[in-house]
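> Input: one structure, supplied below.
Bear in mind these aren't lab numbers, they're just calculated from the coordinates by the rules spelled out. This one's a predicted model, so the numbers in the text were calculated from it and none came from an experiment. Glycine also receives a Cβ, built like all others from the backbone with ideal geometry; neighbour counts cover every protein chain displayed.
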């Protein structure tokens, strides 16, 4: 069998296992270039597959904010608890029509430019309860909640909850 490592190097033979692609060049002292080409080709396919899996895993961890619509700014909208006035036309259609640090959000049932609020990762869990007590808000925005907690609207008002992934 061809020797593929020098006496001072504890490297495995190039025909066994997964080894760094840069070791394919200059280390192999075999009977001919075909053996090297075959070993290197198998190794490069394995490394390419490993890199593809790593990139896919990394891409799945990107925050939802990276999937924004064109013209949409970072940040979120404050809660809309106001009553709906009679048919008021929207003052904006998207964030690009608002000054910096402002977003086009529904407030009092029509769109208008309002100061944006910071939004934490994850989604609020669905609340399927029926509230029998008066509505009480324990938070107004995500920054009112500790750690990764989100300020979520439930049946009895807004409170801090652990977000769900999504």
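> Per-residue counts of other Cβ atoms within 10 Å, averaged by peptide: what ranking do you get for 130-136, 159-165, highest first?
Values: 130-136: 9.0, 159-165: 14.1.
Ranked by mean Cβ neighbours within 10 Å, highest first: 159-165, 130-136.
> Using a/c under 1.5 as the rounded threshold, could you call region 120-166 rounded, prolate or oblate? The axes a ≥ b ≥ c are square roots of the C-alpha gyration tensor eigenvalues, and prolate needs a/b larger than b/c, oblate otherwise. Don't jump to the answer; show the numbers that get you there.
On the way: a/c = 3.33, a/b = 1.47, b/c = 2.27.
Oblate.
> OK, next. For region 68-119, what D do you get in µm² per second when you plug the Kirkwood radius from alpha-carbon pairs into Stokes-Einstein at 10 °C and 1.306 mPa s? Display every interim value, and only then the final one.
Working: Rh = 11.2 Å.
Once the numbers are plugged in, D ends up at 142 µm²/s.
> Report, to one decimal in Å, the Kirkwood hydrodynamic radius for region 64-166 based on all distinct Cα pairs.
Values: mean 1/r = 0.0668 Å⁻¹.
Value: 15.0 Å, from the Cα pair sum.
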